[in-house]
1. So which lysines can Lys49 reach, going by Cα to Cα under 27 Å and dropping same-chain residues fewer than 8 places off?
2. Compute the Cα gyration tensor for the stretch 47-89, then decide on rounded, prolate or oblate, letting a ≥ b ≥ c be the square roots of its eigenvalues: rounded whenever a/c is under 1.5, prolate when a/b is larger than b/c in the other cases, and oblate in all that remain.
3. Can you tell me how much longer the chain between Trp51 and Tyr70 gets when fully stretched, taken as 0.36 nm per residue apart minus their C-alpha distance, in nm with one decimal?
Amino acid sequence: MVFFLIFNSKTFVYKHIVDFLGLLEGKGIDGVNNQLKAQYKDTILANWKLWVPATCVNLAFVPPPLRVLYLNCVFYFWSLYLSITLNKDTSDEA
């Protein structure tokens, strides 16, 4: 149970996604670490602002057959937000 909580937490997963994508983009270890330092706090706060209310709405109001669809729709917009946020610096340099 503790293993699941640690390794599936949003903060742990976010850090490793940013690490992996940054290395694939050729930013290097220093570039990835700089990006994490600059954007980590804001992204995690936005994560909590979105997912806590979305989960409460899901459990309180969405009928069980539609819960997965609802969360997939929320996740779609979360993915757009992350994409824009993580690539904001790249578009400013070009």
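1. Partners found: Lys10, Lys15, Lys37, Lys41, Lys88.
2. On the way: a/c = 5.86, a/b = 2.19, b/c = 2.68.
Because a/c hits 1.5 or more and a/b fails to exceed b/c, the stretch 47-89 counts as oblate.
3. Using 0.36 nm per residue and subtracting the Cα-Cα distance, I get 5.6 nm.
Every number here is computed from the coordinates shown, using simple stated rules; none is lab data. Quantities reported herein were computed from a predicted structural model and do not represent experimental measurements.
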